[in-house]
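What follows draws every value from the coordinates through simple rules; no lab data is involved. Everything numeric in this text was worked out from a predicted model, so none of it was measured. Reconstructed Cβ throughout: ideal geometry from the backbone, glycine too, with neighbour counts over all protein chains shown.
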Amino acid sequence: MKVPLAKPIMTEEMVEAAANALRNERLTMGESMFKFEEKFAAMCGVNHAVSVNSGTTAIQLSLLAAGLKANDTVLTSSMSFVATANAFVAFGGVPAFADVIETEYTIDPSKLEVTSDTKAVMPVHLYGHPSRMDEINEIAKDAGVLVVEDACQAHGAVYKGKRAGALGDIGCFSFYPTKNMHVGGDGGMVTTDDGDIAELVRRLRHCGRKSQYEHDLIGYTARLNSANAAVGIEQLKMLDKWNGQRITIASAYHSRLKDTEGLNLPPQPTVDIVPVYHLYTVRTARQDELRAHLDEAGVQTGVHYEVPIHLQPIYREMYGYSEGMLPVTERLCKEVLTLPMYPEMTGEQVSYVCEKILEFYR
Ligand SMILES: Cc1ncc(COP(=O)(O)O)c(C=O)c1O
């Protein structure tokens, strides 16, 4: 049996929606783009959603719109995809990293060190698991700094009755094809209740336009294409159902694997916290061996992430970072292993993966 790590869904309805937008709408700034934004804002429970061309751009433009500049520090997690930090390093922002909670993979609030240079805290809801937002918001509020969620892996996740994207001042999403929902290509979204920030992001993504031929900002060409937005509308309709399927698969993994000595499983949903298992990532001291065993059995796995952001060559070079700076993050990167997870994964496939893991530990 072959089991892939992820499997993006593209139905006939989605293809048809894209074709329809291509035939009948303006190709950029078409009606699908605005409709998608409206529906995404409603899903998150925020006043504004502004679409852009990637998750990286969502982070970059929202920070710029919130007034961040070169030399301002953003305090975030190094246990993430490199784009989390690239998004602000690209405009001269300075990264600072807090270590993570071993069992949740998200920022440990007790490790947050806000300094006078810190202008934003950016928790990453890694693998679809919401960060400890109450504590993070409180620390940020006391320090007078902004909270920007990197919700690129957490579409629809719930924390104490609110959705990711509505848990800080600004939320940033990616629609990269393997995410819990996509747009048939690259795309991203900024969510916020702040009308001024939303308006500035709208202008920054649209060449800094004040009016059609007047530009009073240095902006970017960073719009979401109409055809991609049309796919996004159809995907969004399925999000809760797909997330439910992911949760069912996570629960099946949990019940089969929970007693395996040497294998640590991700947190399960609670009354307060509903993770959406963008990735189902376990921890094992035998990362390489288990990976090779599963590979041989036709089960694709991933390591998210082999190299934490601060140890990426460019970050070492730019900031002089080295091993030992973030002990939990660094150890986790050597232990994490992502198992196959996608809504259409069958019970048989889940059983097969579990059997192969149990076989390995036997
Ligand atoms: C946590 C995280 N942040 C940022 C990004 C960047 O998103 P994109 O690839 O759409 O630019 C991604 C996704 O790829 C991500 O997983």
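DSSP H helices in the chain with Cα extent of 30 Å or more along the helix axis and mean Kyte-Doolittle hydropathy at least -1.0? Intermediate values should be presented prior to the final figure.
Numbers: long enough: 226-257 (43 Å, -0.22).
Passing helices, by number: 226-257.
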Of the trypsin sites (Lys or Arg not before Pro) in segment 151-183, which ones lie in a loop per DSSP and count no more than 13 other C-beta atoms within 10 Å? Lys160
Antiparallel %, DSSP beta bridges [both residues in segment 143-211], to 5: 70
The chain: antiparallel DSSP beta bridges as a percent of all, rounded to 5: 60
With Cα springs under 10 Å, the Gaussian network model of the chain assigns the largest mean-square fluctuation among Gln212, Gln268, Gln235 to Gln212
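What percent do you get for the relative contact order of segment 12-233 when only Cα pairs under 8 Å and 6+ apart count?
On the way: 511 pairs, mean separation 63.1, N = 222.
The normalised contact order for segment 12-233 reaches 28 percent.
Mind listing which chymotrypsin sites (Phe, Trp or Tyr not before Pro) in segment 239-297 are in a DSSP loop and have 15 or fewer other Cβ atoms within 10 Å?
Values: sites: Trp242, Tyr253, Tyr277, Tyr280; in loops: Tyr277.
Passing sites in segment 239-297 do not exist.
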Separation of the Arg256 and Leu27 label points, Cα + 7 Å toward Cβ, nm: 4.6
Separation of the Val307 and Glu102 label points, Cα + 7 Å toward Cβ, nm: 2.6
Sequence neighbours fewer than 8 away in the same chain don't count; with that in mind, list the aspartates and glutamates whose C-alpha is under 14 Å from Lys160. Asp134, Glu135, Asp272
Note to self: C-alpha centroids of segment 68-117 and segment 184-261 sit apart, in Å, by 21
If the label point is 7 Å along Cα→Cβ of Met10, which residues in segment 315-346 have backbone nitrogen under 20 Å from it? 341-345
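Among the GluC sites (Glu not before Pro) in segment 92-131, which ones are in a DSSP loop with at most 16 other Cβ atoms within 10 Å of the Cβ? Mind listing them? Could you put the intermediate results ahead of the total?
Working: sites: Glu102, Glu104, Glu113; in loops: Glu102, Glu104, Glu113.
Answer by residue number: Glu102, Glu113.
Is there a pair in Lys111/Lys162; Lys141/Lys241; Lys334/Lys356; Lys162/Lys356; Lys39/Lys210; Lys162/Lys241 whose C-alpha atoms are over 28 Å apart, and which pairs would that be?
Numbers: Lys111/Lys162 24 Å; Lys141/Lys241 35 Å; Lys334/Lys356 21 Å; Lys162/Lys356 37 Å; Lys39/Lys210 26 Å; Lys162/Lys241 18 Å.
The pairs that break the limit, which is 28 Å between Cα atoms, are Lys141/Lys241; Lys162/Lys356.
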I want to verify a result. In a Gaussian network model of the chain, Cα cutoff 10 Å, which of these has the top mean-square fluctuation: Thr84, Thr178, Thr115? Thr115
Mean ellipticity per residue at 222 nm, deg cm²/dmol - from DSSP H runs of n ≥ 4 across the chain, formula -39500 (n - 2.57): -12000 deg cm²/dmol
